[in-house]
1. Full-extension gain between ASP262 and HIS94, please, as 0.36 nm times their residue separation minus the C-alpha to C-alpha distance.
2. Could I have the simple spin-label model distance between ASP45 and THR223, label points 7 Å from Cα toward Cβ, reported in nm to one decimal?
3. Would you pull out the residues with amide H under 5 Å of ILE82's amide H, same chain only if 5 or more places away, H placed 1.01 Å from N?
4. Among ARG267, ARG12, ARG136, whose mean-square fluctuation peaks in a Gaussian network model of the chain (Cα, cutoff 10 Å)?
5. Can you find, among GLN237, ILE308, ILE297, the residue farthest towards the positive end of the dipole of region 224-329? Put +1 on the C-beta of Lys and Arg, -1 on that of Asp and Glu.
6. Which residue, HIS108, HIS180, HIS131, tops the fluctuation ranking in a GNM of the chain built on C-alpha contacts under 10 Å?
7. Considering the Cα positions of the chain, please state its Rg to one decimal place and its Dmax as a whole number of Å.
8. Would you tally the net charge around ARG140, using a Cβ to Cβ cut-off of less than 14 Å, leaving ARG140 out, and scoring K and R as +1, D and E as -1?
Amino acid sequence: MLKPSHPIRTDRLILRPFTRGDLEALHAIHSLPEVTRYLYWPARDREEAAEALETKIGQTALTAEGQVLALAVELAATGELIGDGVLIWHSRLHRGGEIGYVLHPRHHGRGYATEAAEALLALGFDGLDLHRIVGRLDGRNTASARVLERLGMRREAHLVSNEMVKGEWTDELVYAILRHEWHARPHPPRASCPDTTPQVTGGSLPAPPGGSGHFAPAPIPATILHLALASDWDAGQAAGEYRVSTLGRTLEQEGFIHACSDPAQLRQVARRFFRDVTAPLVLLTVDPTGLDVRLEIPADSTEPFPHIHGPLPITSVVSASPFTIPADDR
């Protein structure tokens, strides 16, 4: 049985029971088609959101298997409701459960989903004494899959075309983690935590005898730059994340997205990769604290360019402006 003490606080979030005063904020989230794209239910009107809220208001404890604990997720700094999370108690005998979460797209790419899901897992394992917790998602929901992977959950199943959802056959992914794995895991990286910067590592050359092989990490600039084809940036905005690395190389091929620390590095990139390009270019200015993936500046390299090890959240891009390569760099 689980009756959490409220509020539940994380570094940047507060998880608490829903109240009727949450209707407008909840409707603002559940009414967005991009929020419900990979969920079983369609975008909700105000009346449907109110019905969902009434259900959530009653889901404040887990006293029997089959029940759901629903929690509002709000920003601790402002009190803004940005999403909701659930912990489901599937089986008393097998001590099994499931987590789920929904966040407003405006707050994607900041690590909030990872932080909220981490709190739900802690409730399940430490509060309800579960043995195994799963996360199930649409096979196309790559962003949610990355959240579960950052939490140390492993992909146990890819069920192909197994459900009819909103008139189409969809794949389902199943992730899981066991209690002892949860307690043995390293803490997942988290962006925008108070008084921290994104995770940065030094070089990874083979270790010399008696040495660790790590070099002092380069300092993180307040902003980083990335030069992109305008067409690639347009595609990234439509998809909600930008994945191209460098001209002609995708994130999957390269393993990371190339970025720049300053105008001098940007000029090098423009000369090396884009000097013969006639298509329109854009310069992306990125806030490193908006990244929920690893940002690495290889200090051992002769060219210490920032490497973004994962897709670039659209919300981390502060500005995107047209860019023209100076004539003397062509």
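1. Full extension of this stretch gives 55.0 nm more.
2. Once both label points are built, they end up 4.3 nm from each other.
3. Result for ILE82 returns VAL73, GLU74, LEU75.
4. For the chain, modelled as a Gaussian network with Cα springs under 10 Å, the answer is ARG267.
5. Final value for the positive-end residue is GLN237.
6. Result for the chain, Cα springs under 10 Å: HIS180 fluctuates most.
7. 21.9, 72
8. My count for the surroundings of ARG140 gives -3.
Taken together, the values in this text are just the output of simple stated rules run on the coordinates, not laboratory data. Worth saying up front: this structure is predicted, and the values here are computed from it rather than measured. Cβ atoms come from the backbone with ideal geometry, glycine included; neighbour counts cover every protein chain shown.
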